[in-house]
Structure formats: C-alpha cells, structure tokens
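Please read the structure below before turning to the comments.
Just so you know, all these numbers are worked out from the coordinates, no wet-lab data involved. Treat the numbers as computed from the prediction; the structure is a model and nothing was measured.
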Amino acid sequence: MVITKRLAYGLQILLDLIDKRGETEFVSLKTLSTQNAFSENYLEKIVSLLKKEGILSSSKGVCGGYKLARPICTISLYDIINALEPSILVTMCNEKNTLCNTNHKLKCISKNKCKVTRLLNQIDQNMIELFNQISLKDIENL
C-alpha cells in the first residue's frame, strides 16, 4: 500500500474540520483550501469521495460547506482509506484467487495451495484489522 497525496490531504481535511468545529458546523471548501494551500478543485474530489462513504455531510448556500457526518470516535482509518483509495490491499489477486502475485505470473492450482497468496491475504487482513482499530479521534490525539 502506498500513502497517496489524496489520502494525506483527506486526513488533513478531516483533522482541520475537527479544529474548525466541523463536527457541528459546516466549513466551506474555500476555507479548507485556503488554510492548507490545496487546490479547491482537487479538494472537491476528495470531499466528494468522503461524502459518498458517509464520512462527511454537506450543505449548500451561504453558510454551507462540509462537516463530519459521524462522531470522530466512529470513523476509522479504514473507513477513510477505503473511501479515498481504489485499493488498500497488498495483493493483486483476481476475484477467483487464481493468480498469486502482483505481476500475475505465478499461477495457483487453488487458493489453499498457494503459500504466497495465503501470506499476502493474511497481511491484508492484519492491515484491515489494524486500520479498523484506529479512529479519527485517535489520530487527532497523536
């Protein structure tokens, strides 16, 4: 897994919303963009993804903007990563698990016989479990 600019910006925006009372009040995209010197167009894409996954809510109008849709203790790092990244997993196996490694050259007879796939799947599960245990509140408290 690679931490992308989109994920880093998304985390920063969520933390800024907490700082700017974005748990209870709407904060404009322009305010978030100006504070961080991020492109407003790029942030629009990020907040759109976070809104689609139920992490943010929005309101239009003069007092509109974005705010957290849920309490920060209920938003996990996994939720955020899953909203912003197309794939957070180590493996690149296809749906039927007939390919084991990321370059798709190692073919498996079955999922259970491919030690590489089992190892990478276990790493994936451990990462997901860890990311689910870390809340936005935990990140704020770092």
Checklist line | For the range 61-69, Karplus couplings with θ = phi - 60° (6.51, -1.76, 1.60), whole Hz, Gly/Pro x | finding: x, 4, 9, x, x, 10, 8, 5, 8
Item checked: Under-5 Å amide H pairs with residue 27, H placed in peptide plane, nonlocal only -> 66, 67
Check: So who's got an amide H within less than 5 Å of the one on residue 89, skipping anything under 5 residues away but keeping other chains? H placed 1.01 Å off N, in plane.
Finding: none
